[in-house]
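First up is the structure itself, then whatever we jot down about it.
The values are calculated or read from the model by the stated rules, or taken from the named source; none is laboratory data. This structure is a prediction, so every number in the text was calculated from the model and none was measured. Positions of Cβ are generated from backbone atoms using ideal geometry, with glycine treated the same way; all protein chains shown enter the neighbour counts.
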Amino acid sequence: MDAKPQGERRGESRARQFFLIALSVLAAYLCFTIVRPFLMPIVAATALAILFYPVYERISRFVKNRNAAAVLSVAMVVVATLLPAVLLSRGVAKELQQLYGSLASKSSASGGWEPWLTHILERPLNLAGIDVEDPDFSLRSIVTGWVESASATLVRVLRSMIANLAGLLLNGMVTLFSLFFLFRDGQAIRRYAMEVLPLEPRQIERLFSEVGRSVIANMYGVLAVAAAQGGLTGLAFLVLGLPSPVLWGLVAGLFSMVPLVGPPIVWAPASIYLAASGAWGKAIILAALGAGVIGLADNFIRPYVVSGRVKLHPLLVFFALLGGVQAFGLMGLFIGPAVVAVTVALAELLREPAASIHDAG
């Protein structure tokens, strides 16, 4: 018979429980520290797994080996994401080469880039009340400074891209590696979560479904915004007589998915090109359409599409998207709304016991 008093045994039990909790918190923190450098690739893999899991399920019906089915599914994801980017890159490179050749021929007729730009800018500066003939005002030196600044910026961007190439390749490998195991062991991970989490199965299913609906809804939102902004950009190019409206509309749609870049990477240089060619009216129209119509489409379409599928208020979706992008970059488009959707679901789950007690009373 245990000679220890009941109070002493309870104290030892609480001490062990406290020790286990503290040790678990420490272990969780250390695990997070280990995983943190690869958090974004893991989140990307999770989003891709949710989006393409139906593809894996169809493949697994014909390919019974889970490893082979997961490898085929990952290969399909790579093709579906990289092939359009490669085709668009080739088309854009061809168009930029033609544009550079056209500008080079015009500038050579004027004696070079600097004299040509100087000639182009003289008229708008005169209209703005700036005397280009003033000896204290050197337009050529200003243009030269612009060219040197643009060249230095381009060199810095290229150096940064080269320096980050190894990191991008590593993140890509982590994403694909994680995606393979999420495909192969997705159901096992789901069952393990149901066993470990101290919630009822229906509550866990609800949380999983909220995350899944949020990710899928955001993909619909991304595609809807890309279609709208790309279509509007292509239409503006067609109306204003700019070359390759379909191609540049596709490029604008693709870059609409990139935070802090977006369609301006297409219509802003086109506006500058029109202004440099002397078509100031068309340049102003394109800039106004880009800033006032194409740019604002994202603020209305994405929250509307997402809120309609995850049953969140559009204002919540707006701040979830904006804050998610600010905190996590591109993946914030999926993380932000998913976190808000899960938070709302948890708040509703917390209300259930109180509501049931109230109804019983």
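Scanning region 54-79 for residues that are within 30 Å of Val246 (Cβ to Cβ) and touching a helix residue (DSSP H, G or I) at 6+ places or on another chain (Cβ under 8 Å) returns Val55, Met76, Val77, Val78.
Among residues of region 43-60 that are acidic (Asp, Glu), none has a Cβ under 9 angstrom from a residue that is modelled with pLDDT under 85 and in a helix (DSSP H, G or I) at a sequence gap of 6+ or on a separate chain. None of Leu316, Leu333 is closer than 20 Å to Ile216 by Cβ, touching a Leu at 6+ places or on another chain (Cβ under 8 Å) and in a helix (DSSP H, G or I) except Leu333.
Tell me which residues, restricted to region 46-65, are in a helix (DSSP H, G or I) and surrounded by fewer than 14 Cβ atoms within 10 Å (Cβ to Cβ). Within region 46-65, Pro54, Arg58, Arg61, Phe62 qualify.
Please work out if Ser307 is touching a Lys or Arg at 6+ places or on another chain (Cβ under 9 Å) and either modelled with pLDDT under 80 or not hydrophobic (A, V, I, L, M, F, W, C) (or both).
Numbers: touching a Lys or Arg at 6+ places or on another chain (Cβ under 9 Å): no; either modelled with pLDDT under 80 or not hydrophobic (A, V, I, L, M, F, W, C) (or both): yes.
So Ser307 fails the test.
So Gly234 fits all but one of (1) of a type outside the set (Asp, Glu); (2) under 30 Å from Gly278 (Cβ atoms); (3) assigned by TED's automatic domain parsing to the domain that holds Arg58; what number is the exception? Here Gly234 meets the rest and fails (3). Does Leu254 count as touching a helix residue (DSSP H, G or I) at 6+ places or on another chain (Cβ under 9 Å), outside any loop (DSSP other than H, G, I, E, B) and surrounded by 18 or more Cβ atoms within 10 Å (Cβ to Cβ)? Yes.
Hey, can you tell me all the residues within region 259-282 that are aliphatic (A, V, I, L, M), surrounded by fewer than 20 Cβ atoms within 10 Å (Cβ to Cβ) and in a helix (DSSP H, G or I)?
Restricting attention to region 259-282, the residues satisfying the condition of being aliphatic (A, V, I, L, M) are 260-261, 265-266, 268, 270, 272, 274-276, 279.
Going one step further and asking which of them are surrounded by fewer than 20 Cβ atoms within 10 Å (Cβ to Cβ), we end up with 260-261, 265, 268, 272, 275-276, 279.
Result: Ile265, Ala268, Ile272, Ala275, Ala276.
No other residue among Ala287, Ala279 is farther than 28 Å from Phe328 by Cα and modelled with pLDDT under 85 apart from Ala279. Asp298 satisfies every condition listed in (1) surrounded by fewer than 17 Cβ atoms within 10 Å (Cβ to Cβ); (2) acidic (Asp, Glu); (3) within 17 Å of the chain's Cα centre (by Cα) except (1). Here Gly212, Gly221, Gly290 are screened, and the one residue that is touching a Lys or Arg at 6+ places or on another chain (Cβ under 8 Å), touching a residue at least 40 places away in the same chain (Cβ under 8 Å) and either outside any helix (DSSP H, G or I) or farther than 22 Å from Val86 by Cβ (or both) is Gly221. Which condition number in (1) at pLDDT 80 or above; (2) over 19 Å from Gly91 (Cα atoms); (3) touching a Phe, Trp or Tyr at 6+ places or on another chain (Cβ under 6 Å) is the one that Gly221 fails? Among (1) at pLDDT 80 or above; (2) over 19 Å from Gly91 (Cα atoms); (3) touching a Phe, Trp or Tyr at 6+ places or on another chain (Cβ under 6 Å), the lone unmet condition for Gly221 is (3).
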